[in-house]
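Heads up, the thing below is written out as structure tokens.
Derivation of every value follows stated rules applied to the coordinates shown; laboratory data play no part. Keep in mind that what you see is a predicted model, and the values were worked out from it rather than measured. No Cβ is skipped: glycine too gets one built from the backbone with ideal geometry, and neighbour counts run over all protein chains shown.
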Amino acid sequence: MRIKWVECAALSVMAALSVMTGGGSWFLALALGVTLLKCLLIPTYHSTDFEVHRNWLAITHSLPISQWYYEATSEWTLDYPPFFAWFEYALSHVAKYFDQEMLNVHNLNYSSSRTLLFQRFSVIFTDALFVYAVHECCKCVDGKKACKELTEKPKFILSVLLLWNFGLLIVDHIHFQYNGFLFGLMLLSIARLFQKRHMEGAFLFAVLLHFKHIYLYVAPAYGIYLLRSYCFTANKPDGSIRWNSFSFVRLISLGLTVFLVSALSLGPFLALNQLPQVFSRLFPFKRGLCHAYWAPNFWAVYNALDKVLSVIGLQLKLLDPKKIPKASMTSGLVQQFQHTVLPSVTPLVTLICTLIAILPSIFCLWFKPQGPRGFLRCLILCALSSFMFGWHVHEKAILLAILPMSLLSVGKAGDASIFLILSTTGHYSLFPLLFTAPELPIKILLMLLFTIYSISSLKTLFRKEKPLFNWMETFYLLGLGPLEVFCEFVFPFTSWKLKYPFIPLLLTSVYCAVGITYAWFKLYVSVFTDPPVGKTKKQ
Amino acid sequence: MEKWYLMTAVVLLGLTVRWTVSLNSYSGAGKPPMFGDYEAQRHWQEITFNLPIKQWYFNSSDNNLQYWGLDYPPLTAYHSLLCAYVAQFINPDWIALHSSRGYESQAHKLFMRATVLIADLLIYIPAVVLHCCCLKEISTKKKIANALCILLYPGLILIDYGHFHLGLALWGVLGVSCDWDLLGSLAFCLAVNYKQMELYHSLPFFCFLLGKCFKKGLKGKGFVLFVKLAGTVVASFTLCWLPFFTERAQALQVLRRLFPVDRGLFEDKVANIWCSVSVFLKIKDILPHHVQIIVSFCLTLLSLLPACVKLTLQPSPKGFRFTLVSCALSFFLFSFQVHEKSILLVSLPVCLVLSEIPFMSTWFLLVSTFSMLPLLLKDDLLMPSVVTTMAFFIACATSFSIFEKTSEEELRLKSFSVSVRKHLPRFTFLPRIIQHLFIISVITMVLLTLMTVTLDPPQKLPDLFSVLDSWLINSVTSLRKSGRGDPRQREEAPFTR
């Protein structure tokens, strides 16, 4: 084990040496720096997701394909699309050189030090794709603002914001997941669309969808954008659609790409007649409205309101205590609960809410095309809207909005301000993921590092324009500090700790929900009020 | 400063790295009966908290000096006492007399690490930041880059957080070089009272301040300054030692604990002259004990004299920093009973000259970290040490672009090569040679690390020799650079060889 990684270390030292001699490449230094930080995070706490991925390694390695989506020895069944399963399959062939034991399906909760090392390094290595994608994205940022100072260049700021993203660091490298390379795929496909390489972008996104289906949230943006700006080759002078410019060839080639990718992924299961089983694993609607801990979205506010109303109702004797369901959210860790005052929410309602929330942005993309930037806005709005109203949303899903938003933030002062509110609150809402004492300083320090850097650097970038925050926003963001102090340092020493253990979680999610809703709202307003770009770029 | 946010980011990064390293194992984890430095620090808290001050340094039934007896100056003991009060507040078991020996738990580890982090945050980091802000003649960006490199210096991080050892102050250097002489000397006295090893740095301090007094004229202002300085020193020492001055025996016992001359010339594998000579010549067996002491004393004195004399005659902040390096290095190379960790005392001043001679300092700092490898391996800290060393290297390489600055001027070797050229007119390839040497030594270090990790321990001796070899090349060059323009110093270089 030691030998292996020391060799790797030696190799990278050599690589570093050879590059450094060629002149100071700041991008590489940033990437290597964060990679080393990730290496330092190896011994930190890891969540059950670690066991989830170990189990998937075991399933894909030791069972035939036909068993992959049926196997249920562990409670962590395979619930990602086939490409991810293949990815685990590929990883397992490296894993066997580290520790054969982790590939045993019945070896539940197995975590030897070699297993840990392998799993952590697999995340770090696959992040190479993310680094490459960030590199490509940086090329898309127009360097209109000519600054002599390297640290004030939009490219530099963007690469720090993406590479050193707090959320990705703690979700992937502490909590444990493979978001890095998935977001790498997404950013790469966005970059390809910016570079007018639409086919590649579509292909990458199709592949991404078959890695993790959560990206379906942003699929409408891709579909409409490709249809409107790629399949229609020209616009009228006023920017409206010119119907006769429709190119069937482009539509068919797009369709074919998506179809082939899907066939490659789902084909084997179709042949085995297992598609229904696969889909039932992928979309488990049996879970509750909110995740274990409430993601800071609309439903968190809704639940909190319900709770407050029921307490008031009890106080005023308007409600009968016997009728209140026992399983109400006393601990914040309950998967399902019934609402007491407000009507209960069904998956269908959330679906409708999400669609309604997404529609305006889609319309905007169709009728007021603003090139790739407009597409990016629509994508973020899709991600945010589904985060706001989706069913069983996980708080980690906020990264789906934050990372693409970084791209926008270096372009315009208004977007920068939205990004800062969104990222700060969104990242703060990830805090409950890490609840162990040794990780407390890490999360606080990294959060401060990222927040201070992002706020100050964007302020410097847009110092000639009006201030990024008004007093209300400043006040709100500063409020996160006392909130953290209360939740982590004061609350555990109060007498409420035993009686109302859910209070910190509730406060965190409601407080963050306010900020995220605000950012969502502000982004929507900016999409509608911004003047359309004079000429939509022609193909 | 308009770039304050970058500085904040740098400090936060430094803190993050420190804390993540601290999550790893520590010295003597789970190794009864003696454990390691971690247990020593915990034991000191136990002793200082439970025993009256008079018994701290004495062997008694409650205080077995063989088991990590207190052998640091009083200020360390007070600090332990302070930590012990906090520990008492959190969990009295941690410092219970006798019963807490070898106490280990996750919570306790967290507590101990937090004490280091807080001490660092309060003392070391502000000093580094201020030092970088006070640097003259360089841009803001360079200042920040400098701070980043100093804060990322792996030796200190690994020893303090991984191995467990409390850091020390560089406030003294800062104060003196910024012309706040009194503050500087006060800080330095405190540092000496915290850890007697700081005496390595005392000579340059003394010479520099003395030189300053001379410069101002011994009869007028200079004398006033001298009296003031002497007053500060005496006062701060008295304050620290006050509880021990009541009896003569007390003070003597403390001194005896602080300077245990009866140990040996060097401990197992220190990268200094004695150790490398002993590969050919077993000095330990040839010379009697007291002769060893005298020889090492004379050599040390001889090697640091030229630089100190020069400093006294021409005191300047820059020269002061260079003299600090060369003095600490001579102590490390020649003096008696040196520990591997003492290299940190050399590295600290080297950090201070990082912005002036980036290439050489980086090289030295890398090698110094590497020289502690056996120690780190013992504590299972291979992973964090490789990672932080690489991080440090990358930070230095990008922020100073060290490979482009290897001309003779940049290396401060102009006068040397000019004088050589008088005899050898074709001597123009020095920069290239040094570049190659650097690459060779880096490769050797990587290979040696690989070897020590993969091969069996018994083969360590040949490894060590080459460690020393690369080490010596380095130390020779760094000694040489400190004496640029000073012919006397140059005589020293061949002597070291």
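Brief remarks follow.
- Coil-residue chymotrypsin sites (Phe, Trp or Tyr not before Pro) of the stretch B:302-381, DSSP, other Cβ within 10 Å capped at 11: none
- Sites B:Gln435 and B:His339 - FRET efficiency at Förster radius 35 Å, r taken between beta-carbons, to 0.05: 0.60
- Cβ-based charge dipole, the stretch A:25-282, positive-most Cα from A:Asn107, A:Phe246, A:Ala95: A:Phe246
- The distance between label points at B:Leu377 and B:Lys136 comes to 4.7 nm (points 7 Å beyond Cα on the Cα→Cβ vector).
- Working value for chain A: equivalent-ellipsoid semi-axes of 33, 31, 28 Å, each the square root of 5 times a Cα gyration tensor eigenvalue, largest first.
- Karplus-based coupling profile of the stretch A:60-77, in residue order and whole Hz: 5, 7, 9, 10, x, 3, 4, 8, 3, 9, 10, 4, 9, 5, 8, 6, 8, 6, with θ = phi - 60° in 6.51 cos²θ - 1.76 cosθ + 1.60 and x standing for Gly or Pro.
- 3J(HN,Hα) along the stretch A:377-391, derived from phi through the Karplus expression 6.51 cos²θ - 1.76 cosθ + 1.60 where θ = phi - 60°, amounts to 4, 5, 4, 5, 5, 4, 4, 5, 4, 5, 5, 5, 10, x, 8 Hz, with x in place of Gly and Pro.
- Assigned charges on the beta-carbon of Lys, Arg, Asp, Glu; the stretch A:25-282 dipole about Cα centre (debye): 1100
- Model label points for A:Leu351 and A:Glu101, set 7 angstrom from Cα along the Cα-to-Cβ axis, are 4.6 nm apart.
- Projecting the Cα atoms of A:Leu78, A:Val123, A:Cys140 onto the charge dipole of the stretch A:69-154, computed from C-beta unit charges around the Cα centre, puts A:Cys140 farthest toward the positive end.
- Modelled FRET efficiency - R0 45 Å, B:Asn64 with A:Ala219, Cβ distances, 0.05 increments: 0.05
- Set A:Lys466/A:Lys522; A:Lys412/A:Lys466; A:Lys38/B:Lys3; A:Lys196/A:Lys396; A:Lys412/A:Lys464 screened for pairs whose C-alpha atoms are more than 21 Å apart: A:Lys38/B:Lys3; A:Lys196/A:Lys396
- Each residue of the stretch A:298-529 gets 143 Å³ once the volume of the Cα convex hull is shared out per residue.
- Were the residues from A:Ala90 through A:Ala72 laid out at 0.36 nm apart, the gain over their Cα-Cα distance would be 4.4 nm.
- A full extension of the chain between B:Lys219 and B:Leu301 corresponds to an added length of 26.6 nm, given 0.36 nm per residue minus the alpha carbon distance.
- A:Lys412-B:Ser202 pseudo-label distance in nm [points 7 Å out on the Cα-to-Cβ vector]: 6.8
- For the cross-link pairs A:Lys212/A:Lys443; A:Lys155/A:Lys236; A:Lys459/B:Lys136, the ones whose C-alpha atoms lie over 32 Å apart are A:Lys155/A:Lys236.
- Gyration tensor over alpha-carbon atoms, the stretch A:25-282, equivalent ellipsoid semi-axes in Å: 35, 28, 12
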